[in-house]
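See below for the structure under consideration.
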Amino acid sequence: MRWTLNRTRTTGNFGAHWTDKAKVRGAYAVSIMAGLLLFCACATPIGTRDVGVRQSYERIHISAVNEEGYSTASALVLHRFFLEETFKQDPDQVIATLHDKACEDERRDLLYTLAELCYLSGDKAHKLIDPASQERAGRYYLASAVYAYLYLLGTRGGDPPNPYDRRFRVACDLYNAGLAQVLALRERERQFEDGARQLPVGSIFLERRIAKFPDAQDGYDAFIPADELSVYGLTVRDRHPGLGTPFIAVAKKRPDSPVTRSVPGALFLRVEGDVRSLRQGGRGLMELYSAYEARDVTVDSKVVPLEFDLSAQLAYALNQPLLWRAGSLQFFRGEVVPSGIYPMQPYSPGRIPVVFVHGTFSSPVWWAEMFNTLRADPLLWAKYQFWCYIYDSSKPLVLSAQHLRESLTRTIETLDPKGEDPALAQMVVVGHSQGGLLTKLTATDTGDALVQAIAQKRFKELQLAPDEREIVKRYLIYKPLPFVRRVVFISTPHHGSYLAGQWARRLARSIIMLPVDLVKTTSELFSTAEKIGMKGVADEFGTSLDSMSPKNPGLLALAAIPPAPGIQGHSIIAIDGDEVPPEGADGVVAYRSAHVDYVASEFIVRSGHSCQSHPLVIEEVRRILLTHLESMAPN
């Protein structure tokens, strides 16, 4: 706005005088200027604005990993070299310029900025669907991991970055995420082949190294980055923080197995040299680690934890419909999955086995929540290894019990034929429902109490042929397994299940199809049982439901026998309701049936029968496992 000043001259006065009109305009101008000054005082060029803690932290945490932009730390470096606008127009030029400066300039923040800008550029290229853009994206992501490694662990740039520095944490994410993208885009099906990889600036020759990864030499069908998978159905996502990208190694399909095997692992990229070597061709090692074999790596005397995602692999492995149908299929049709011990992880010498034994109509999938949660505990991870037992739960109880005992013995002998691993002799067996009864028969010295309960005679009084005596001895007389030291009973019908009534047992016998070899074994057992006084045994004890009948004299005799000396027992009993013991039941087993006096502890949980995934049950099993470790500690 333009103002006109009117002045007049008066006699004897050489000064300028404002007319009245001019005075009014002058006063108005002064007020405008004062208002402008007041406005400027409210919004200064530099100042603060209250946006709240949440919004402030959101701005602080912005980086290429979680936003379509870079962090304030990278903005500072770009501003330092006046490259902000250039990066918008020509990212490759800026990356090349900063790379050259990093070769001369010792400041470590240049490497951080290069890692972030390369990751951001990789994201932009990845959004384009053409093959050339996908190839460019892979180069950017690999470069991001390389620069992040040099920032975190490289020798140039003075002291290593402070782990409390936000850039340190973002650089870890850039390294891990960059490798995950490389795995997803380039290496997933290539088995990490040796060879040169182009970078936005220079190249790097990558060599695969099998560090600690059993069977990796034989190859896998695929390596799936865990970071591209969401996990559902598990409460805890057991992810161990560190460097490296977690993956799932999917094993080649085996003709003798109906299920696909997979192993959790981590890819660690070790970069040799420094940023100056990349233009001439750098060198790196792609190191493969099994989550069960290694927890960390060493880089120039620094111990670096590895990142693993064990829950992603577990969920992937359980995402096979056959595993969820196996329980009912095996009950009605016999073996769908071969019976036996199935380690949930490769054998680890020095770790105590925890064996899960499922119940009727069930399968090991019902232990998934407990296994996943217990394994996430660092101490339990270090001290225990977890196995499961699969069996046809329709068989008579004594057949399944003997098979469990033989399977455990055979597994121990196979893993440790010379008996050199003392941890295997401290086994803990955890059984649910019928599995609890099988568990008990690994830890009990029955003498001939079961024979007396059934035949009303002592074993030595039986008039049997030698082969018949061996059958009785095999299936009715038990000694504790020498390597079992603790057992846990969950919802176990020690005195029988009230659902195993006459009608249910007859129905089961009419529709269960036993395999031919099992029919032969059962027939021999029943024939011998008839000779020792069990009349009509084929009608009364033909399935596991018959074995768990409250009227089964052998089951009732077993309920009265405590675990053998030196073996501790624990009970977890579910009550689905508000009843106070001794009243109450879980819908399948009554408290009175599950309760026994000789256990070291009894824990009540308000739940239905299938309570293995209940958090309080899992916590109680954890307590028991910690107690087991304490009992082994030297005084």
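Determine one quarter of the surface area of the Cα convex hull of segment 388-484, which equals its mean projected area, and express it in nm² to one decimal. Intermediate results must be reported in sequence, preceding the final value.
Details: hull surface 29.1 nm².
Dividing the Cα hull surface by four gives the mean projection, 7.3 nm².
Subtracting the Cα-Cα distance from 0.36 nm times the residue separation, let me have the gained length for Val53 to Gln456 in nm, one decimal.
Details: separation 403, 0.36 × 403 = 145.08 nm, distance 7.85 nm.
My answer for the length gained is 137.2 nm.
Taking 2.2 N^0.38 Å as the expected size of a compact globular protein, what ratio does the Cα radius of gyration of segment 218-329 give against it, to two decimals?
Working: Rg = 17.3 Å, N = 112, 2.2 N^0.38 = 13.2 Å.
So segment 218-329 has a normalised radius of gyration of 1.31.
What residues have an amide H closer than 5 Å to that of Val297, excluding those fewer than 5 places away on the same chain, when H is modeled at 1.01 Å from N in the peptide plane?
The answer is Val304, Leu306.
Distance between the C-alpha centers of segment 123-145 and segment 352-426? Whole Å please.
Rounded to whole Å, the Cα centres lie 46 Å apart.
Quick check: convex hull of the Cα atoms in segment 72-313, volume per residue, rounded to a whole Å³? Mind dumping the intermediate values first?
Details: hull volume 33.9 nm³, N = 242.
For segment 72-313, the hull spanned by Cα atoms encloses 140 Å³ per residue.
Using the Karplus curve 6.51 cos²θ - 1.76 cosθ + 1.60 with θ = phi - 60°, what ³J(HN,Hα) values do you get for each residue of segment 429-436, in whole Hz, with x for Gly and Pro?
10, 10, x, 10, 6, 4, x, x
Each label point is 7 Å from the Cα along the Cα-to-Cβ direction; what then is the distance between the points at Lys88 and Cys103, in nm?
3.0 nm
Using the Kirkwood formula over every pair of different C-alpha atoms, what hydrodynamic radius in Å results for segment 262-323? It would help to have the intermediate numbers written out before the result.
Values: mean 1/r = 0.0714 Å⁻¹.
Averaging 1/r across every pair of different Cα atoms and inverting gives 14.0 Å.
State the extension gain, in nm to one decimal, for the chain segment bounded by Lys479 and Asp445, taking 0.36 nm per residue of separation less the distance between their alpha-carbons. Provide the component values of the computation, followed by the final result.
Values: separation 34, 0.36 × 34 = 12.24 nm, distance 0.45 nm.
Length gained, Lys479 through Asp445: 11.8 nm.
Taking 30 Å as R0, compute the FRET efficiency from the Cβ-Cβ separation of Arg606 and Glu413 and round it to 0.05. Provide the component values of the computation, followed by the final result.
Working: r = 42 Å, r/R0 = 1.40.
It comes out at approximately 0.10.
What residues qualify as long-range amide H neighbours of Asp445, i.e. H under 5 Å apart, gap of 5 or more or another chain, H built at 1.01 Å from N?
Excluding prolines and chain starts, which carry no amide H, the hits are Ala564.
Sort Met370, Met344, Met632 so that the residue with the fewest other Cβ atoms within 10 Å of its own Cβ comes first and the one with the most comes last.
With the fewest neighbours first, Met370, Met344, Met632 line up as Met632, Met344, Met370.
Specify whether the C-alpha gyration tensor of segment 543-634 places it in the rounded, prolate or oblate class, a ≥ b ≥ c being the square roots of the eigenvalues: rounded for a/c under 1.5, otherwise prolate if a/b is larger than b/c and oblate if not. Walk me through the intermediate numbers first.
Working: a/c = 2.11, a/b = 1.22, b/c = 1.73.
Oblate is the answer for segment 543-634, as a/c is 1.5 or above yet b/c matches or exceeds a/b.
What pairs from Lys127/Lys253; Lys212/Lys253; Lys212/Lys383; Lys418/Lys473 go past 24 Å between their alpha carbons? Display every interim value, and only then the final one.
Working: Lys127/Lys253 33 Å; Lys212/Lys253 22 Å; Lys212/Lys383 19 Å; Lys418/Lys473 28 Å.
In this structure, Lys127/Lys253; Lys418/Lys473 exceed 24 Å between Cα atoms.
By how many nm would the segment from Arg261 to Thr72 grow when fully extended, if each residue of separation counts as 0.36 nm and the alpha-carbon distance is taken off? Before the final figure, lay out the partial values.
Details: separation 189, 0.36 × 189 = 68.04 nm, distance 4.46 nm.
Contour length minus the Cα-Cα distance gives 63.6 nm.
Amide H neighbours of Gln385 under 5 Å, at least 5 residues apart or on other chains, H built in the peptide plane: list them.
Excluding prolines and chain starts, which carry no amide H, the hits are Ile352, Val354.
Given labels modelled 7 Å from the Cα in the Cβ direction, how far is it in nm from Asp274 to Lys253?
Between Asp274 and Lys253, the label points sit 5.2 nm apart.
If R0 is 60 Å, what FRET efficiency do you get for Leu464 and Glu228 from their C-beta distance, rounded to 0.05? Before the final figure, lay out the partial values.
Numbers: r = 63 Å, r/R0 = 1.06.
Efficiency at R0 = 60 Å is approximately 0.40.
None of the figures in this text is laboratory data; all of them are computed from the coordinates on show. In this text, all values refer to a predicted model and were calculated from it rather than measured experimentally. All Cβ positions, even for glycine, are placed from backbone atoms using ideal geometry, and neighbour counts span all protein chains on display.
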